[in-house]
Amino acid sequence: MPGQKPNLKTMLWEPLAQEAWTLGDKLVRRVFGAAEGWEKRRDIVKNNYDLGVRYLKDGYVGDAMFRFKLVTWLDPSHAEGWYGLGAAYVAGGKQAAAEKALKKTLEIKPDYPEASQLLATLEGNAAQ
């Protein structure tokens, strides 16, 4: 936004997060690409989901986004991970990305009331 000072944390975090995401992607594909890696993958998904929830609760929005992105990459059918990602995007002020993640949540699990409510709130704010 014009007139606002650049956010140093964001300027430093975003490139590092992107690089970590790329490296993590390569590592996970190499280590857990085989069928025998699915059990370990489930543990990684659970641990990262739990960390994402904790980070979001504690206000570490960028860290929460990273964890939820990892969860949804490892398990694209993880509705809670998509909801967490949507909630993190809301907290980070990224409404369009939040709507996309929340719609994906509802595509996977149509009876997810928290996702429905948050999406309705976002769409209501956009209409105003």
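The values are calculated or read from the model by the stated rules, or taken from the named source; none is laboratory data. What you see is a predicted model, and the numbers here were worked out from it, not measured in a lab. Every residue, glycine among them, receives a Cβ derived from its backbone with ideal geometry; neighbour counts consider all protein chains shown.
Go through the stretch 41-87 and report how many residues are aliphatic (A, V, I, L, M) and in contact with a Ser or Thr (Cβ under 8 Å, 6 or more places away or on another chain).
Looking only at that region, the number is 2.
Assigned to a helix (DSSP H, G or I), under 10 Å from the mean Cα position of the chain (by Cα), closer than 22 Å to residue 40 by Cβ and modelled with pLDDT under 95 - does that describe any residue in the stretch 78-99?
Checked the stretch 78-99: no residue is assigned to a helix (DSSP H, G or I), under 10 Å from the mean Cα position of the chain (by Cα), closer than 22 Å to residue 40 by Cβ and modelled with pLDDT under 95.
Identify the single condition in (1) within 16 Å of the chain's Cα centre (by Cα); (2) modelled with pLDDT under 95 that residue 4 does not satisfy, given that it satisfies every other one.
It is condition (1) that residue 4 fails.
Evaluate the following for residue 62: is it in contact (Cβ under 8 Å) with a residue 24 or more places away in the chain, out of contact with any strand residue (DSSP E or B) (no Cβ under 8 Å at 6 or more places or on another chain) and over 15 Å from residue 105 (Cβ atoms)?
It is true that residue 62 is in contact (Cβ under 8 Å) with a residue 24 or more places away in the chain, out of contact with any strand residue (DSSP E or B) (no Cβ under 8 Å at 6 or more places or on another chain) and over 15 Å from residue 105 (Cβ atoms).
I'm trying to understand the selection: among the residues of the stretch 75-96, which are among the small types (Gly, Ala, Ser) and either in contact (Cβ under 8 Å) with a residue 12 or more places away in the chain or more than 14 Å from residue 62 (Cα to Cα) (or both)?
Scanning the stretch 75-96 gives 77, 79, 81, 84, 86, 87, 88, 91, 92, 96.
Yes or no: residue 111 surrounded by fewer than 16 Cβ atoms within 10 Å (Cβ to Cβ) and not in a helix (DSSP H, G or I)?
It is true that residue 111 is surrounded by fewer than 16 Cβ atoms within 10 Å (Cβ to Cβ) and not in a helix (DSSP H, G or I).
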